[in-house]
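Notes to accompany the following structure.
Derivation of every value follows stated rules applied to the coordinates shown; laboratory data play no part. Remember, it's a predicted structure, so these values are computed and weren't measured experimentally. Quick reminder, even Gly has a Cβ in these numbers, built from the backbone with ideal geometry, and neighbours come from all protein chains shown.
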Amino acid sequence: MRTSILIAAVLLTGSVVALGQQKRDLNLRGDRFAPLTFEQLTPEQKTMVNDLLAGTRTSLDGPFNTLLRSPDMGNRAQQLGEYVRFRTSVPQRLNEMAILMTARWWSAQYEWYAHKTLALRAGLDAAVIDDIQAGRRPARMRPDETVVYDFSTEMRQNRRVSDATFKAAVNVLGEKGVVDLVAAMGYYDLVSMVLNLDRYPLPESAPPPFQEPR
């Protein structure tokens, strides 16, 4: 009798979970890539969604509607993204600075919109953010911010960094931190390209931070 009751309870729980998944509202957005609903997803896409929402993130905003089109790659990419966003060894203020510099490099509108607030919250000075947005070297940076700015700028402009720039970055971040910084730049290169490819929309009330190229 008890065994039958236990089996029935397990089956009922499974049914409730399955029903909840069927009714999950993803709130996906997009332009070129039509927003998907949970009912439209393939099993591989559902795995990516469930893995993503089981982590630190609480929404599917940003590149994920597009990345779902290649769910095996997308799931691996979002796992890297979770690391470089939430578990990196780079201090959050510096990490968000590098992300903003990447968004500026690509003129990625939504990426800038999403991370400007996070950068301010992490302690990056508003004047530094404004200078980066304008495409100029910030006039007043903390010493560790100068190191990250120089490293990121040199890597993008020269496709490599000098010994002096590398040593300065290691002195501030350690070897692990330098590799994590490059990983953040690379991941948000991917995100920025995906957002630009999709022409991912800003919220209606948000002005574009960059002029769209003609």
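Each Lys and Arg Cβ is given +1 and each Asp and Glu Cβ -1; about its Cα centre, the stretch 46-148 then shows a dipole of about 20 debye. Computed from the Cβ-Cβ distance with R0 of 22 Å, the FRET efficiency linking N27 to R136 stands at 0.05.
Considering only Q133, Q40, Q78, the mean-square fluctuation computed in a Gaussian network model of the chain, springs between alpha carbons under 10 angstrom, is largest for Q40.
Spacing of the modelled spin labels on L53 and Q211, each 7 Å from Cα toward Cβ, amounts to 4.2 nm.
In degrees from 0 to 90, rounded to the nearest 10, what is the angle of the helix 163-198 Cα long axis to the longest principal axis of the chain? Relative to the chain, helix 163-198 is tipped by roughly 50 degrees. Between Q79 and E44, the modelled label-to-label distance comes to 1.5 nm, taking each label 7 Å out from Cα in the direction of the beta carbon. Across the alpha-carbon atoms of the stretch 90-198, the computed radius of gyration and Dmax are 12.9, 39 angstrom.
Considering all different alpha carbon pairs of the stretch 26-87, the Kirkwood hydrodynamic radius works out to 11.6 Å. Treating the angle as unsigned and between 0 and 90°, give the value, to the nearest 10°, between the Cα long axis of helix 109-122 and the longest Cα principal axis of the chain. Between helix and principal axis, roughly 80 degrees. Highest GNM mean-square fluctuation among D130, D163, D61, for the chain modelled with Cα contacts below 10 Å: D163. Here the stretch 26-87 is treated with +1 on each Lys and Arg Cβ and -1 on each Asp and Glu Cβ, and its dipole about the Cα centre works out to around 180 debye.
Built from the Cα atoms of the chain, the convex hull projects on average onto 15.3 nm², one quarter of its surface area. Rounded to the nearest 10 degrees, the inclination of helix 92-106 to the longest alpha-carbon principal axis of the chain is 80 degrees.
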